[in-house]
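Notes follow once the structure below has been shown.
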Amino acid sequence: MPQGYIIYCDESDGKGRFFSNFYGGALVRKEDFSLIEKELSQRKQDLGLANELKWSRVSHQYLDKYVEFISLFFDFVQDEKIKVRIMFTQNRYVPTGLSRDKVKNSYFLLYYQFLKHAFGLIYSNVSGVPIQIQLNLDQIPDTREKTATFKNYLLGLNKSPGFRDAKIQLSADRISEIDSSKHVIAQGLDIVLGAMAFRLNDKHLEKPPNQKRRGKKTIAKEKLYKYINSRIRAIYPGFNIGVSTGTQGGIEDRWRHPYRHWLFVPSDHSIDPTKTK
């Protein structure tokens, strides 16, 4: 029987102050899925969190409960049961030489690059047994026609030498758009992705109009971000959220690491110093 990975994908901050195009993914092995889903769902229930968990809903009132939930999520990350990948661009790197079509389809093109490279899937299969991918995408903000075209484009990964040689397989019936309110792993990913976009774009410094102090919601989000960052640093001391995670152990680290960031820099670009912190 083929092995399998389930990958949840999400996106945030298409255009931020300093960083943009945030993409996130959470990968679990098929054999671990039921246990992870059960325990995260039970934690939600025990905490009395009936509604969908989202970064946008973090508040002073619910901060402690969100910390308790994401604590369990990161227990699974630390135990390498969940692999998390975050990709983003930095506004100081301005793409050059892009055709009109590439600019128009940049959302999908970046999504494709994220799925192709972020998890290091081509380094994941040492058994030689085919591995099937179940790809669960958050609702794609575009027309049905463009979304269908994108899904067909993703199937082209099967023809890439790396995927073919590693026997990583993606089929049309295993690419789904999901309702994240029904997928607790996707909710954990949303919180982590939101936290990174929040901090990298300095949203922790924002104050309400005509106010001298930050709002309680902003303070609560900063506290949750700091907790998440502490859990990442428990895995990688000194982790820098604003750069690509290194591969000191070899390129296979793209797969081996339980948590990684990828600052995507276009191969052809100019630098705009006004868009740097």
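Throughout, read-outs are computed from the coordinates displayed, never taken from laboratory work. Worth saying up front: this structure is predicted, and the values here are computed from it rather than measured. When we count neighbours, we look across all protein chains shown, and the Cβ atoms used for this are built from the backbone with ideal geometry, even at glycine.
Please identify the pairs in which a residue from segment 150-167 that is assigned to a helix (DSSP H, G or I) has its Cβ atom under 9 Å from the Cβ atom of a residue that is polar (S, T, N, Q) and surrounded by fewer than 13 Cβ atoms within 10 Å (Cβ to Cβ), counting only partners at least 6 apart or on another chain.
Hits for this filter: LEU155/SER171; ASN158/SER171.
Condition first: in contact (Cβ under 8 Å) with a residue 60 or more places away in the chain and in a loop (DSSP other than H, G, I, E, B). Now tell me which residues in segment 242-277 satisfy that.
Listed by number, the residues that qualify are GLY242, ILE251, GLU252, HIS257, PRO258, PHE264, VAL265, PRO266, ASP268, ASP272, THR276, LYS277.
Pairs needed: first member in segment 223-239, surrounded by 15 or more Cβ atoms within 10 Å (Cβ to Cβ); second member anywhere, charged (D, E, K, R); C-beta distance under 8 Å; at least 6 residues apart or different chains.
The qualifying pairs are TYR225/ARG199; ASN229/ARG199; PHE239/ARG233.
Filter segment 198-239 for residues that are assigned to a helix (DSSP H, G or I) and among the basic types (Lys, Arg) and give the result.
As a first pass, look at segment 198-239 and keep what is assigned to a helix (DSSP H, G or I): 198-200, 203-205, 216-235.
Matches in segment 198-239: ARG199, LYS203, LYS216, LYS217, LYS221, LYS223, LYS226, ARG231, ARG233.
Of the conditions (1) in a strand (DSSP E or B); (2) at positive phi; (3) of a type outside the set (A, V, I, L, M, F, W, C), GLY48 fails just one. Which one is it?
For GLY48, the failing item is (1).
Can you tell me which residue in segment 93-123 is surrounded by the most Cβ atoms within 10 Å (Cβ to Cβ), limited to those that are in contact with a strand residue (DSSP E or B) (Cβ under 7 Å, 6 or more places away or on another chain) and of a type in the set (Ser, Thr, Tyr)? Lay out the reasoning, then the answer.
At the first step, the residues of segment 93-123 found to be in contact with a strand residue (DSSP E or B) (Cβ under 7 Å, 6 or more places away or on another chain) are 93-96, 110-111, 114, 118-119, 121-122.
This time we only want the ones that are of a type in the set (Ser, Thr, Tyr), so: 93, 96, 111.
On the way: TYR93: 16, THR96: 10, TYR111: 21.
Among residues in segment 93-123 that are in contact with a strand residue (DSSP E or B) (Cβ under 7 Å, 6 or more places away or on another chain) and of a type in the set (Ser, Thr, Tyr), the one surrounded by the most Cβ atoms within 10 Å (Cβ to Cβ) is TYR111.
Among the residues that make up segment 155-164, is at least one of them surrounded by fewer than 16 Cβ atoms within 10 Å (Cβ to Cβ) and within 19 Å of the chain's Cα centre (by Cα)?
The initial filter retains those residues of segment 155-164 that are surrounded by fewer than 16 Cβ atoms within 10 Å (Cβ to Cβ), namely 155-156, 158-162, 164.
Subsequent filtering for residues that are within 19 Å of the chain's Cα centre (by Cα) retains none.
The answer is no; no qualifying residue exists.
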